[in-house]
Amino acid sequence: MQEYILLMVGAALVNNVILARFLGLCSFMGVTTRIDTAIGMGLATTFVITVSSMGNWGVEQYLLEPYHLSYLRTVTFILIIAGAVQFTEMTVRKVSPPLFQMLGIYLPLITTNCAVLGVALILVEGKMTFIAATLFAFASSLGYSLVMVIFAGLRERLALAEVPRLFAGPPIGFIVASLLALAFLGFSGISTT
Amino acid sequence: MPLNAPVPEHPIDPFSADLVEGVARVVAVKGDRVWLEPELTSSCGGCAASGLCGAKGIGTAANRLEIRRFELVNAAQLVVGERVIIGVDGRALLKASVTAYALPLVIMLSAGAVAQNIAQSDGVTMIAMASGLAFGLLLARWIARWLSTRGQLAPRFLRRADAEEACKISSLES
């Protein structure tokens, strides 16, 4: 149990997908102007990363590795991620049309989010069991969502601040992001091994 | 929004800071109902043009927008082609996200954790997680239906949009 908790803390905070591995920066800058939309995007990405990682783990363990097809890994993973996004979109539309109207806008953006593929490739390197791989993917995406929400909150406050014209917009956004990354660097002191 | 949608328990205040705004185009008027299609607002400068693109088919932008059409009461006497600002309560967006994504995930992971503890087998855990996901989605469907009957997920008409205002919203979103 302790092993799983350490794995999740390490994935969410110490090796944060956005601030430590620099993945998913497009959505990090693009969908964080409001906390509401950041939560929507974060949860949608969490769902897709977790579900697609389960599929990726199965394909890696039962198809790519036994038949020495690891050179097809990236292409296969991209296909599975696209399939997972499509599955999520169809499911949300079927489960509730009003939910689909509200949340459907975020789903196509996830297909091209490199954080999803990044987590899948990190999982392969880790040689984990199924439950460990799923928890790792879930924790990584939770870390992603956490940073998205924190950054959205900061940007909402920043919108009210008087920023010099030279730094207004994306420049001050990147400066705040770098300060946030420095703050998250503090988590690297936690030993998760 | 269903035809018999009730008045929401917490009506949207158009001046509320928690309101998420979006641009939609009127695509059909049927009696006292109007069909709206949300515009793509993320592409800079392309928002107004996106709805006019002639390319159609599975996976195209036009197709994606078509499946996201929704219906509203035509209280403002809107006509086809008009662009309007619609609003969704920020809390509704949060409730929708938690219902659609967080709930099935939590149930799926809980089922997986229990199965792993009992059986210690990857195969059993995979089956348990798939069952947990299916159950979670069914539960999400039930909760979403309950929220819809209370009118909590429906978008509302706020005002007519001019080109400048629509692009201001898109630049805020992107």
### Message
Yes or no: region A:88-97 includes at least one residue that is free of Cβ contacts under 8 Å to residues at least 12 places away in the same chain, over 20 Å from B:Leu105 (Cβ atoms) and in a helix (DSSP H, G or I).
### Response
yes
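Does region A:26-34 contain any residue that is modelled with pLDDT of 90 or more and among the hydrophobic types (A, V, I, L, M, F, W, C)?
Going residue by residue through region A:26-34, those that are modelled with pLDDT of 90 or more are none.
No, region A:26-34 has no match at all.
Hydrophobic (A, V, I, L, M, F, W, C) and at pLDDT 90 or above: does that describe A:Ile190?
Details: hydrophobic (A, V, I, L, M, F, W, C): yes; at pLDDT 90 or above: no.
It is false that A:Ile190 is hydrophobic (A, V, I, L, M, F, W, C) and at pLDDT 90 or above.
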### Query
Residues in region B:112-131: is at least one closer than 25 Å to A:Ile39 by Cα, more than 10 Å from chain A (Cβ to nearest Cβ) and either modelled with pLDDT under 80 or buried (at least 20 other Cβ atoms within 10 Å of the Cβ) (or both)?
no
### Query
Which ones in region A:1-22 are over 14 Å from A:Phe184 (Cβ atoms) and hydrophobic (A, V, I, L, M, F, W, C)?
A:Met1, A:Ile5, A:Leu6, A:Leu7, A:Met8
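Please give the helices (runs of 4 or more DSSP H) falling wholly within region B:65-153 in which 1 or more residues are more than 23 Å from the chain's Cα centre (by Cα) and farther than 21 Å from A:Thr46 by Cβ.
On the way: elements: B:90-97, B:103-119, B:122-149.
Answer list for region B:65-153: B:103-119, B:122-149.
Condition check ((1) at pLDDT below 90; (2) in contact with a helix residue (DSSP H, G or I) (Cβ under 7 Å, 6 or more places away or on another chain); (3) more than 9 Å from chain B (Cβ to nearest Cβ)) across all residues:
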| site | (1), (2), (3) |
| --- | --- |
| A:Arg21 | yes, yes, yes |
| A:Gly24 | yes, yes, yes |
| A:Ala44 | yes, yes, no |
| A:Asn56 | no, yes, yes |
| A:Pro66 | no, no, yes |
| A:Leu72 | no, yes, yes |
| A:Leu99 | yes, yes, no |
| A:Leu109 | yes, yes, no |
### Query
Pick from region A:111-141 the residues that are under 15 Å from A:Met41 (Cα atoms) and surrounded by fewer than 21 Cβ atoms within 10 Å (Cβ to Cβ): which of them is farthest from the other protein chains (Cβ to nearest Cβ)?
A:Cys114
### Query
When region B:82-97 is examined, which residues are found to be within 7 Å of chain A (Cβ to nearest Cβ) and modelled with pLDDT of 80 or more?
B:Leu94, B:Ala96, B:Ser97
### Query
Can you tell me which of A:Glu89, A:Glu60 is of a type in the set (Asp, Glu) and either modelled with pLDDT of 90 or more or in contact with an Asp or Glu (Cβ under 8 Å, 6 or more places away or on another chain) (or both)?
A:Glu60
### Message
For region A:145-159: of the residues being within 13 Å of chain B (Cβ to nearest Cβ) and under 14 Å from the mean Cα position of the chain (by Cα), which is nearest to B:Ala102 (Cα to Cα)?
### Response
A:Ser145
### region A:1-42 - residue that is among the charged types (D, E, K, R) and under 22 Å from A:Thr111 (Cα atoms) and, of those, surrounded by the fewest Cβ atoms within 10 Å (Cβ to Cβ)
A:Arg21
### Message
If a residue must be in contact (Cβ under 8 Å) with a residue 12 or more places away in the chain and part of a loop (DSSP other than H, G, I, E, B), how many such residues does region A:16-27 contain?
### Response
8
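The values are calculated or read from the model by the stated rules, or taken from the named source; none is laboratory data. The structure displayed is predicted, hence computed values, not measured ones. In this analysis, Cβ positions are derived from the backbone assuming ideal geometry, glycine residues included, and neighbour counts consider all displayed protein chains.
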